[in-house]
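What follows is calculated from the coordinates using simple rules that are stated; it is not laboratory data. From a predicted model like this one, the values you see are computed outputs, not experimental measurements. Positions of Cβ are generated from backbone atoms using ideal geometry, with glycine treated the same way; all protein chains shown enter the neighbour counts.
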Amino acid sequence: MTQNIIDCKNLDREGLESFAETLGQPPFRGRQIMAWLYRPGIENFSQMTDLAKTFRALLPDHARISCFKEPVTEISEDGSIKFGFQLEDGQVIESVNIPEPDRNTLCISSQVGCAMECRFCQTGTVGFKRNLSPAEMVNQVCGVRDYLTSTGQNPENSKQTISNLVFMGMGEPLNNMDNLLTTIAILTDQKGLDMASRRITVSTCGIVPKMHVLGERTSVNLAVSLHAVDNETRDALMPVNRRYPIEQLLQACRDYPIQKRKRIMIEYIMLDGINDSDEEARRLASILRPIPCKINLLAYNECQGIAYRPSPSDRILAFQDILRKAHYSVFIRSSRGSDIGAACGQLAGTLTNSI
């Protein structure tokens, strides 16, 4: 038996084709494997009935199929579900499923913990542990899908009923770029999870050099966590700004290779007395020109041990009104799952003790 057992879910279509060739098989055998991997209930190679029996018998000596089973869950009053998945090294990551009348959005993690240390974010207090592999990112999608199916919330045998996917959980996705690109390739491949790229969003706190790479290599949506209109405020809120200040971040947005009729999502968290004045709204309207964008205003979700407070609702509405009068599309995102620590900025491995 070979010493290097690969996890097939770490490989995209091209990777599986190359893997098949290393075993003396034609590339199409790799495509056959991929067509089986993401079907519900597939846990071993013996189930892949269109592969030659000799090949099926050979595969377990060289490869395996990972999956997440029996997640710990916590259900919010609003229907959102927080999932805790234990990794093979004992680390725990969290994902959040957010059901809505017209969609089902899953928020997944890209790292264990986070190194960005944004001052308003609970995840930043955990610190950075490690990057997630493509299999560990994709298995969050498969694990939630399988849970929803087993609890009667998904049609039986559906390949993919999660309509939207956002990389907004634990971690900074662009600091795990290679694994992120492989994951996106698997998610969007017809033989993989067959998701439309327009329904996938990657959020970044502003890793400027890697933004262009994402735009060149994928056609997913980009969300940028801005959260301030001047360097002094953003330095205090987001240490990443000291390395990539607002001017560089905004230029990266202007240079981003975006498709026609698509827009960058600018995320702006509303912090009482910190970044929510009328003057700052007008400044935001000014600095975002001529970036093709829409704006999400986020009421801050309070986190234990963090002193920031959310802006009052009338202040958020006034901020929105100024931006709308400046001809921006502006949305106020409702907070989901805050009662179970599942809202934006609250994921911090709190389900660890339940696993």
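Worth pointing out:
- Based on DSSP H segments of at least four residues, each scored -39500 (n - 2.57), the chain has a per-residue ellipticity at 222 nm of -8500 deg cm²/dmol.
- Under 25 Å of direct C-alpha separation, and excluding same-chain neighbours fewer than eight residues apart, Lys210 reaches these lysines: Lys9, Lys129, Lys260, Lys262, Lys294.
- Segment 124-148 and segment 263-335 have Cα centres spaced 29 Å apart.
- Amide H contacts under 5 Å for Cys293: Ile264, restricted to partners 5 or more places along the chain or on a different chain, H placed in the peptide plane at 1.01 Å from N.
- Charge dipole (the chain, unit charges on Cβ, about Cα centre) - positive-most of Gly171, Cys344, Ser329: Ser329
- Scanning the chain for cysteines with no neighbouring cysteine C-beta under 4.7 angstrom from their C-beta gives Cys8, Cys67, Cys107, Cys114, Cys142, Cys205, Cys253, Cys293, Cys303, Cys344.
- Nearest-20 debye value, segment 72-354 charge dipole, Cβ charges on Lys, Arg, Asp, Glu: 1020
- Kirkwood-type radius of segment 124-272, with distances r between different C-alpha atoms, in Å: 16.7
- Distance between the 7 Å Cα→Cβ label points at Ala115 and Glu14: 2.5 nm.
- Per-q log10 I(q)/I(0), segment 6-64, q = 0.18, 0.29 Å⁻¹ (Debye; single scatterer per alpha-carbon; no solvent): -0.51, -1.55
- Summed over all non-identical Cα pairs, the Kirkwood treatment of segment 260-302 gives a radius of 11.5 Å.
- Against the chain, whose longest principal axis comes from its Cα atoms, helix 278-287 is set at around 60 degrees.
- If you bin all the Cα-Cα distances of segment 72-354 at 10 Å, starting from zero, the percentages per bin are 6, 30, 38, 22, 5, 0.
- Gyration tensor over alpha-carbon atoms, segment 227-315, equivalent ellipsoid semi-axes in Å: 24, 15, 12
- With the charge dipole of segment 72-354 set up from +1 on Lys and Arg Cβ and -1 on Asp and Glu Cβ about the Cα centre, the Cα lying farthest toward the positive end among the listed residues Ser203, Gly152, Val72 is that of Ser203.
- On the basis of the beta-carbon distance and an R0 of 41 Å, Arg103 and Glu232 show a calculated FRET efficiency of 0.60.
- Using the Cβ-Cβ distance between Ile332 and Asn4 with R0 set to 56 Å, the FRET efficiency works out to roughly 0.65.
- Rounded tilt (10° steps) of 313-325 against the dominant C-alpha axis of the chain: 90
- Protection proxy ranking of 179-190, 287-298, by the mean of other Cβ atoms within 10 Å over each peptide's residues and highest first, is 179-190, 287-298.
- Full extension of the segment from Lys325 to Val213, taken as 0.36 nm per residue of separation minus the current Cα-Cα distance, would add 37.0 nm.
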